[in-house]
Amino acid sequence: MAHVSTVVRKYVCTNCQVAHAGERVQVSPAKFGAPESCGACGETEFIWIKNWLNNHE
Ligand SMILES: [Zn+2]
């Protein structure tokens, strides 16, 4: 299998700040979206990690 360098977007739960890898919503071209809900607390609101980092500097 050829190695494909796909950037996986990460999202941060707005409630508990746990980072989640984006879920693949489209195979080709690869697209990622925020998870449906947080695995740790069940929150459904996520912020893209890049925006989250910008807001926490
Ligand atoms: Zn959470």
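Assorted remarks:
- Each Cα pair under 8 Å and six or more residues apart adds its separation to the average, and for the chain the resulting relative contact order is 34 percent.
- Normalised alpha carbon radius of gyration of region 10-54 [divisor 2.2 N^0.38 Å]: 1.13
- Length added when fully stretched, Trp48-Gln17, from 0.36 nm per residue minus Cα-Cα: 10.0 nm
- Computed about the Cα centre, the dipole magnitude for region 10-54 is approximately 240 debye when only Lys and Arg (+1) and Asp and Glu (-1) carry charge, each at its Cβ.
- For the chain, with +1 on Lys and Arg beta carbons and -1 on Asp and Glu, the positive-most of His56, Asn15, Ala30 along the dipole: Ala30
No lab work stands behind these numbers, since they all come straight from the coordinates. Since the structure is predicted, the reported quantities are computational estimates derived from the model, not experimental observations. All Cβ positions, even for glycine, are placed from backbone atoms using ideal geometry, and neighbour counts span all protein chains on display.
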